[in-house]
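Report on one structure; see the data block that follows.
The values are calculated or read from the model by the stated rules, or taken from the named source; none is laboratory data. Fair warning: this is a prediction, and the values are worked out from it, not measured in the lab. Backbone-built Cβ (ideal geometry, glycine too); neighbour counts: all protein chains shown. Surface areas here come from the heavy atoms of the whole protein model, side chains and all, with no ligands, DNA or RNA. Shrake-Rupley method; radii C 1.70, N 1.55, O 1.52, S 1.80 Å.
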Amino acid sequence: MSLDEVKIGGMGASRRRVEDNRFIRGKGNYVDDIVLPGMLHMEILRSPVAHARIKSIDTSAAWDVPGVRLVLTGEMMAARNLAWMPTLSYDTAAVLATDKVRFQGQEVCAVIADDPYIAKDACGKIVVDYEILPPIVNPVQAAAPDAVQIRDDKAGQVGNKIFDWEIGDKARTDKAFQDADVVSKIELHYPRTHPSPMETCGSLADYDRATGKLTVYLTTQAPHIVRAAVAMVAELPEQNIRIVSPDIGGGFGNKVPIYPGYVVAILASILTEKPVKWIEDKTGNLTSTGFGRDVYLKGEMALRKDGKILGVRMNTISDHGAFFADAQPSKFKIGLMHSAFAAYDIPTAHMFATGYYTNKAPGGVAYRCSFRVTEAMFFQERMVQAAADDLGMDQAEFRRVNFVKDEQHPHRTAFGFLTDSGQYEKCLDIGLEAIGYKNFAAEKAEAAKRGRLLGIGISTMTEPLGAGNSREYDILGIKMFDSAELRIHMSGKAILRTGSRGQGTGHETTWAQIVAHELGIPADDILVEEGDTDTAPFGMGTYASRSTPVAGAAIAMVARKVRAKARKLAAHLLEVSEEDIEWELGRFYVRGNQERGVTIQDCAMAAYSNMPDGMEPGLENVAYYDPPNLTWPFACYIAKIEIDPETGVWDVLQFVAVDDCGVRINPMIVEGQIMGGLTEAYAMANMQYQTYDEEGNIIGGNYMDFLLPTAWETPGFELYEVVTPCPHHPIGAKGVGECATVGGPAAFVNAVMDALKDKGVRNIDMPLMPNRVYEALTTGKDVYGMPPVRSGN
Amino acid sequence: MYPSRFNYESPKTIAEAIKLLDAGNGEAKILAGGQSLIPMIKLRFAFPEQIVDINNIPGLDYIRFDADGSLHIGALVRHEHLEKSVEISMRQPTIAAAAPLVSDPIVRTRGTFVGSVCHADPQGDWAATMIALKGHLVVQGPKGTRTIAMKDFVLGPYANSLNYNEIAIEAVIPAPKGVARGGYLKLERRVGDFATASVAVALDMSGDTVLGAGFALAGVGGKTIDANDAASVLIGQKLTDATIAKVAALVAAKAEPRTDHRGSAEYKRHIVEIFVKRILVANSTQKVA
Ligand SMILES: Cc1cc2nc3c(=O)[nH]c(=O)nc-3n(C[C@H](O)[C@H](O)[C@H](O)COP(=O)(O)OP(=O)(O)OC[C@H]3O[C@@H](n4cnc5c(N)ncnc54)[C@H](O)[C@@H]3O)c2cc1C
């Protein structure tokens, strides 16, 4: 008799998260929990200014502080060829500054001492003489003909431009615009924000001179990439490098890049021959590590009177900070920005992208966004709303008219992606019904009597999650596949290792469920282990919602390989030929005689104790999975908001989320991902951003200025699901980790803009703080968070 | 958190605490709820050599209405204690309205009313409340006890008129002649945020006639703003659309906001005016005992 899949914690079981047992007891094991004998502590001295030439650095007083073991400067790093390191976007980034500082918070010196208090005291004793240079805090300033060159370290660099990049069919798109009845335009800035994981970045480097082995415990979402990079930068043999990513207190993309602190701590351990721990403080994390967004978006839509979209033009100008350190597939300069409009059937599109250096922290793609898909979808949905308004068409109807229809899949988007599945209209209908779209006009009129403005905002999008396929996606040449290794013990219990890395996202729970689904081994019998490069198979790590699409697929595939061998063992045990064996969950039986069978556990025991002649003992395998395509989840988010016109304060009255992420492995975890993502989306729309003043001082370098949402003001979210299985994924799953952060912000902003529609206002840049809403209301003008940047085309 | 080195003492009596402060010669700091001091030393904005933790001094956590109707708040009364006090909710509406708006529920379990007043943060809610209520502090030093009226207490941002060797023992709010009314409104970007603008309004009413009124503002100036002058137009008056509009404009004129990432100066001034109106309108329509 077949097993009850939900009971064994298989697919579809809302199994409790096994990792929570240790997390909620305070028994997690984070980098900072690791203590090694004789360990020293490192503290980084950061630049207080945005742009300056370093005239001199005097570290003598720091060396004099009792307990100080080592003080490192850029010059000392340079002597070992370590003052600069490569970034993931074929640029270089300073490890410790030598010539200049290029953003406030940049790493200048490091002190290694017996305890962190001493290290911090000694940092305060270092004297750096800066010659202040004019700071550049946005792309307009960066592009000015007389702008100071930020990257004067780079041979061949002209001005502050990093790249020009384009995609799409320009001639055809130009033609579409000539043929248009109406051309709709929008211009906006997606402000800089920060992932701000609860645990900051840090590492504990332990170089053992006797064995030549370097072990680094490190907060990373991609331990194998770090190993490759360390081998490259530190010129150590790869087999002697072990990167361990223990429990991670949130990543959100912030823990993909390699940060200077890691490199300095490794060198410090080599020099002192002691373990060296470096744990960044919150301000260090907020001011120097991978941020998200900071893109100016401008676009036009060519429309026919009946509502059909004929073509789209996009223009993006991105602010990358001092180093081009975006962690993204190397081929794409502006990530997957061109995934915009994938849900809509649009004949032609063209995008032109320009990137600039500024005196701000480097990064750009972090924060739960699958390589700028967040900006793409935000722009798309703001553009769609503006176009519907310009046509005088209902915003839901306009989407319906232009959606790719279910039966059109697989569908090639205007920018060349291939979407393969979805039921967009169905999701929209569920959302509209749930929000009470039909009654909205009456509700709005009712509220107007109380002096309140009501708005409804829709955001519908399909996004590309789960890079790669190796044809198109690589990072510095390494293809974006992933892996899983499964070993079944003789008792039928198992250990599973993957090349991905959970970050509090439930891998230990979900991965076991996939194995349970494929083999019928109860999920509780499967230990999941990730993050140790000495034991885990090579993988590209976890970001861009790629774990389930890629590593998750590898898990299903490795389980199937194991099952294939178990089938041979079953045939041997049942004394029939393999062709006569049937499988049901957890059990093989003889065709035509269901009673006669053996369990997967019986097969496991046989693999160690009773294998047929000539068969290799053991029951284990490894699978590397190169997905044929990205996965394309779809989401429909609808917000209903109310504005107090006297103050500009707005409240969310209702929020509906309809997510189609294919087959749900653990529905509870999926819902958690959506809830969390919507919370972040609400924060970005409402309160959260990092900006810089004209001197290049960061505003948003602490939690008084950089606001994280709390349970008190975050609205409730109503969740609905539609399931369209992914046609190419072995278990039909699609990525979901980023959907809500990506699609959510436009729903809130569109809702506020809908409420202001008849005031002549077209755009307010995020965050939609009350003062901005009030300004738009009272002036009837658009409100830009930053001065609008003109086209670089 | 890696502050610079300090000594820590936890005296059991006020006298001992004063001795420690005196010996500290300006380098000692009182630790009450720690919700402002600890962030300051963590960020190394403050480097006290000596921390004098007053949390173990018994008898300082009382909320008491005396027979004369005056309200006494001991130095260790937490924000949460005020938020949950039934007596406060029935008898002191300005404090009752402000308490749930001070920081977030977590901070409110530790932070103290008196500590907040002493901290004199221009964005702090309690100093503004105390000014509107025309309260005073009872302080004790090596030479004994004295009182300091709120109007003389806040000297500037994070600066008060205590001597380095004095402790504020309690806050006192005088009894109203009639019935205490009023309210508190705050514009914040998020729960736990400091004020973009907040308004404390204290009213002393007899029927629907205003016997006395106080106004103070937080977040809209380099220090807590005392707008009590504006109150004179209300004395002896009823709260009508006309008187409300007049006083709201006067209070808003007292604000000294600056344009920053939280909003323009004009916007903040506008919010002050709206908030004064909203509090007064709410009190004018309230059934008056
Ligand atoms: C996240 C966060 C959000 C916050 N938001 C707000 C907010 O919205 N509104 C608001 O008003 N406040 C806010 N605060 C501050 C909070 O209310 C503090 O509790 C308060 O400002 C100080 O009170 P405390 O008891 O914590 O004082 P402490 O931090 O212990 O002390 C503050 C200062 O006052 C001195 N002091 C304390 N007690 C005495 C005394 N009895 N006599 C003499 N000097 C004394 C100390 O030496 C120190 O200099 C926030 C704090 C945090 C951490």
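Structure above, values below:
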quantity: Check on B:Gly111, away from the ligand (no atom under 11 Å from the Cβ) and more than 14 Å from chain A (Cβ to nearest Cβ); calculated: no
quantity: Residue ID - nearest to the other protein chains (Cβ to nearest Cβ), chosen from residues in the stretch B:35-51 that are within 9 Å of the ligand (Cβ to nearest atom) and surrounded by fewer than 18 Cβ atoms within 10 Å (Cβ to Cβ); calculated: B:Pro39
quantity: Subset of the stretch A:668-727 (residues that are outside any loop (DSSP other than H, G, I, E, B) and within 11 Å of another protein chain (Cβ to nearest Cβ)); calculated: A:Tyr682, A:Ala683, A:Asn686, A:Thr691, A:Tyr692, A:Ile699
quantity: Residue under evaluation A:Leu45, criteria (1) more than 14 Å from chain B (Cβ to nearest Cβ); (2) under 32 Å from the mean Cα position of the chain (by Cα); (3) open to solvent by 20 Å² or more (accessible area, probe 1.4 Å); (4) of a type outside the set (D, E, K, R), criterion not met; calculated: (1)
quantity: Residue check, B:Ala75 over 30 Å from B:Arg5 (Cα atoms), within 11 Å of the ligand (Cβ to nearest atom) and surrounded by 15 or more Cβ atoms within 10 Å (Cβ to Cβ); calculated: no
quantity: Test result for B:Ile54, open to solvent by less than 10 Å² (accessible area, probe 1.4 Å), of a type in the set (A, V, I, L, M) and near the ligand (Cβ under 8 Å from one of its atoms); calculated: yes
quantity: All positions within the stretch B:176-194 that are within 14 Å of another protein chain (Cβ to nearest Cβ), farther than 20 Å from B:Gly221 by Cα and under 15 Å from the mean Cα position of the chain (by Cα); calculated: none
quantity: Residue in the stretch B:88-101 that is near the ligand (Cβ under 10 Å from one of its atoms) and either among the polar types (S, T, N, Q) or open to solvent by 10 Å² or more (accessible area, probe 1.4 Å) (or both) present; calculated: yes
quantity: In the stretch B:145-169, the residues that are open to solvent by 30 Å² or more (accessible area, probe 1.4 Å) and farther than 17 Å from B:Lys223 by Cβ; calculated: B:Thr145, B:Arg146, B:Thr147, B:Asn163, B:Tyr164
quantity: Criterion violated by B:Arg78 - all others in (1) outside the structural domain of B:Leu137 (by TED's automatic domain parsing); (2) free of Cβ contacts under 8 Å to residues at least 60 places away in the same chain satisfied; calculated: (1)
quantity: Hits in the stretch A:299-339 (condition: touching a Pro at 6+ places or on another chain (Cβ under 8 Å), of a type in the set (A, V, I, L, M) and within 30 Å of A:Met480 (Cβ to Cβ)); calculated: A:Ile317, A:Ala322, A:Ala325, A:Ala327, A:Leu336
quantity: Matching residues in the stretch A:445-456 - criterion: being under 18 Å from A:Glu646 (Cβ atoms) and touching a residue at least 12 places away in the same chain (Cβ under 8 Å); calculated: A:Ala447, A:Gly451, A:Arg452, A:Leu453, A:Leu454, A:Gly455
quantity: The lone exception for B:Lys143 - which of (1) free of Cβ contacts under 8 Å to residues at least 12 places away in the same chain; (2) near the ligand (Cβ under 10 Å from one of its atoms); (3) not polar (S, T, N, Q) it fails; calculated: (2)
quantity: Hits in the stretch B:239-255 (condition: in contact with a strand residue (DSSP E or B) (Cβ under 6 Å, 6 or more places away or on another chain) and either part of a strand (DSSP E or B) or not charged (D, E, K, R) (or both)); calculated: B:Val251, B:Ala255
quantity: Search result, residues across the stretch B:170-207 that are away from the ligand (no atom under 16 Å from the Cβ), open to solvent by 30 Å² or more (accessible area, probe 1.4 Å) and in contact with a helix residue (DSSP H, G or I) (Cβ under 7 Å, 6 or more places away or on another chain); calculated: B:Arg181
quantity: Any chance A:Asn750 is within 21 Å of B:Thr259 (Cβ to Cβ) and either open to solvent by 50 Å² or more (accessible area, probe 1.4 Å) or of a type in the set (S, T, N, Q) (or both); calculated: no
quantity: Residue under evaluation A:Met76, criteria (1) within 33 Å of the chain's Cα centre (by Cα); (2) part of a helix (DSSP H, G or I), criterion not met; calculated: (1)
quantity: Test: B:Gly59 is free of Cβ contacts under 8 Å to residues at least 24 places away in the same chain and either near the ligand (Cβ under 10 Å from one of its atoms) or part of a loop (DSSP other than H, G, I, E, B) (or both); calculated: yes
quantity: Members of the stretch B:1-32 found to be near the ligand (Cβ under 10 Å from one of its atoms) and not hydrophobic (A, V, I, L, M, F, W, C), listed by number; calculated: B:Lys29
quantity: For A:Thr358: the one exception among (1) within 30 Å of A:Gln141 (Cα to Cα); (2) surrounded by fewer than 24 Cβ atoms within 10 Å (Cβ to Cβ); calculated: (2)
quantity: Those strands (runs of 3 or more DSSP E) lying entirely in the stretch A:135-218 with at least 2 residues out of contact with any His (no Cβ under 9 Å at 6 or more places or on another chain) and acidic (Asp, Glu); calculated: A:202-208
quantity: Subset of the stretch A:120-160 (residues that are of a type in the set (Val, Ile, Thr) and open to solvent by 50 Å² or more (accessible area, probe 1.4 Å)); calculated: A:Val127, A:Ile132, A:Val140, A:Val158
quantity: Single match in B:Ala171, B:Ala197, B:Ala216 (criterion: under 21 Å from B:Ile274 (Cα atoms) and away from chain A (no Cβ under 14 Å)); calculated: B:Ala216
quantity: For B:Gln35: the one exception among (1) in a helix (DSSP H, G or I); (2) within 25 Å of A:Trp712 (Cβ to Cβ); calculated: (1)
quantity: Of residues in the stretch B:11-29 being open to solvent by less than 50 Å² (accessible area, probe 1.4 Å) and touching a helix residue (DSSP H, G or I) at 6+ places or on another chain (Cβ under 9 Å), the one farthest from B:Ile51 (Cα to Cα); calculated: B:Pro11
quantity: Residues of the stretch B:114-135 satisfying the condition of being within 14 Å of chain A (Cβ to nearest Cβ) and surrounded by 24 or more Cβ atoms within 10 Å (Cβ to Cβ); calculated: B:Gly124
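Each row is one residue, and each column tells you yes or no for (1) surrounded by fewer than 15 Cβ atoms within 10 Å (Cβ to Cβ); (2) assigned to a loop (DSSP other than H, G, I, E, B).
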{"position": "A:Val18", "(1), (2)": "no, yes"}
{"position": "A:Arg25", "(1), (2)": "yes, yes"}
{"position": "A:Asn29", "(1), (2)": "yes, yes"}
{"position": "A:Asp32", "(1), (2)": "no, no"}
{"position": "A:Val49", "(1), (2)": "no, yes"}
{"position": "A:Lys55", "(1), (2)": "yes, no"}
{"position": "A:Val71", "(1), (2)": "no, no"}
